[in-house]
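S.K.: Sharing a structure below in structure tokens format, with a few things to ask.
The values are calculated or read from the model by the stated rules, or taken from the named source; none is laboratory data. Computed from a predicted structure; not experimentally measured. When we count neighbours, we look across all protein chains shown, and the Cβ atoms used for this are built from the backbone with ideal geometry, even at glycine. Just the protein is used for accessible areas: all its heavy atoms, side chains included, with ligands, DNA and RNA removed. Shrake-Rupley method; radii C 1.70, N 1.55, O 1.52, S 1.80 Å.
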Amino acid sequence: MTAPYIWYDGPMIRWLLALALIAPALPAAAQQRTRLAVYSTLEVENIADFKKAFEQENKDIEIAWIRDSTGIITAKILAEQGSQRGDAIWGLAVTSTMQLKSRGRLEPYAPKTLAALKPAFRDPADPPAYVGMEGWVAAVCFNTVEAKKLALTKPTSWFDLLEPPFKGKITMPHPASSGTGYFHVSAWIQRFGEARAWEFMDRLHENIAFYSHSGSAPCKQAAAGEFPLGISAEIAAADARHQGAPIEGLIMKEGGGWEMDTAAILRGTRNLEAAKRLMDFAASRRANELYASFVSQVAMPGIASSIPDYPVGVAESMIKNDFAWASDNRARILAEWTRRYEGKAAKKN
């Protein structure tokens, strides 16, 4: 059958020709958007804000998160040498990042705003292998309602947690899985000395219900009333209280450990220029303003944090943390901790 003859006038022909020229170009333009695989341990709601802000300024790059706990991400990156999945890090504890640096897994790069960052929030090398983002600090999440039911006294010292009434009432992050868990252990050793710290942890272990594999989980468990106390971080306590949970973020009088999240480029990335742009943004004022929305200690000075329900005295409680020592001694400390306390580790999902 002969196809019917269809007549188009001049404007219609010109419109169809233009459409024919544009149509093949659309998929190509879409394919030009670089997909950047980025490791992070931060909370889902925080990294969603990071992604949105970065992609607004870098419309040709899309972030694909690979999110997990500190220990798992560190192990993944080390295991993937030569066949890595990721391009960059945006939110990993500095003690883990320093391990990656020592194994040659990071690509040094100096972000455009490097000079504006606090010296303590950057790798001292030139160019740096990583930059700091923000810090989070030791706290005890204390459920006032559950504590009243159980007639528990509010602790003011780490050693108060060793008292018999707290037996089975405390959860804590596993230090091999969680950066929060490790900074607690590292800080106790730095603060009390090796012998006294292990003696403290032996006695604390008797009162621990189990060790979770997430830094924020103990605070969430306390907020839900599953346990009256959770050893965690001040940001988790503030978040739980802001959401209406009867949680107080308690700062212990001896002070406590703290960690710093970092951003870095993974050596061998096939998207180096896009990863550099990520680093520029991660060290920018805009990014630091985002960090200040959920923590009080950020890398760039002069940025105020107005976190509701934030515990008092956090900055003063931060010990003089030797991150290099904590990183260099991590394997030894974790091996000893595992030998002593692994029996109460929560099952991994």
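S.K.: Search region 65-75 for residues being in contact with a helix residue (DSSP H, G or I) (Cβ under 9 Å, 6 or more places away or on another chain) and aliphatic (A, V, I, L, M), and hand back the single one that is farthest from Ser327 (Cα to Cα). Write out each step before concluding.
M.R.: Within region 65-75, the first condition is being in contact with a helix residue (DSSP H, G or I) (Cβ under 9 Å, 6 or more places away or on another chain), and the residues that meet it are 65-71, 73-74.
Those left that are additionally aliphatic (A, V, I, L, M): 66, 73.
On the way: Ile66: 23, Ile73: 16 Å.
Step by step, filter region 65-75, then rank; the result is Ile66.
S.K.: Let me ask something else. If you scan region 73-87, which residues turn out to be open to solvent by less than 60 Å² (accessible area, probe 1.4 Å) and in contact (Cβ under 8 Å) with a residue 60 or more places away in the chain?
M.R.: Listed by number, the residues that qualify are Ile77, Gln84, Gly86, Asp87.
S.K.: Within region 111-216, considering only strands (runs of 3 or more DSSP E) that don't extend past its boundaries, which have at least 3 residues that are crowded, with 19+ Cβ neighbours inside 10 Å, of a type in the set (S, T, N, Q) and within 24 Å of the chain's Cα centre (by Cα)? Break it down stepwise before answering.
M.R.: Details: elements: 131-143, 170-173, 208-212.
In region 111-216, there are no strands (runs of 3 or more DSSP E) which contain 3 or more residues that are crowded, with 19+ Cβ neighbours inside 10 Å, of a type in the set (S, T, N, Q) and within 24 Å of the chain's Cα centre (by Cα).
S.K.: Go through region 78-91 and report how many residues are in contact with a helix residue (DSSP H, G or I) (Cβ under 6 Å, 6 or more places away or on another chain) and of a type in the set (A, V, I, L, M). Steps first, answer last, please.
M.R.: Let us first name the residues in region 78-91 that are in contact with a helix residue (DSSP H, G or I) (Cβ under 6 Å, 6 or more places away or on another chain), namely 87-88, 90.
Remaining after also requiring of a type in the set (A, V, I, L, M): 88.
Looking only at that region, the number is 1.
S.K.: Collect the residues in region 111-149 that are in contact (Cβ under 8 Å) with a residue 60 or more places away in the chain and of a type in the set (Asp, Glu), keeping them in residue-number order.
M.R.: Matches in region 111-149: Glu134, Glu146.
S.K.: Filter region 32-71 for residues that are over 17 Å from Ser284 (Cα atoms), in a helix (DSSP H, G or I) and in contact with a Lys or Arg (Cβ under 9 Å, 6 or more places away or on another chain) and give the result.
M.R.: Result: Val44, single match.
S.K.: Please determine, by comparing only the residues of region 240-265 that are farther than 17 Å from Val145 by Cα and charged (D, E, K, R), which one is modelled with the lowest pLDDT. Outline the logic, then answer.
M.R.: So in region 240-265, the residues farther than 17 Å from Val145 by Cα come out as 251-265.
Still in the running and charged (D, E, K, R): 253-254, 259, 261.
Values: Lys253: 97, Glu254: 97, Glu259: 89, Asp261: 94.
Only one residue fits best here, namely Glu259.
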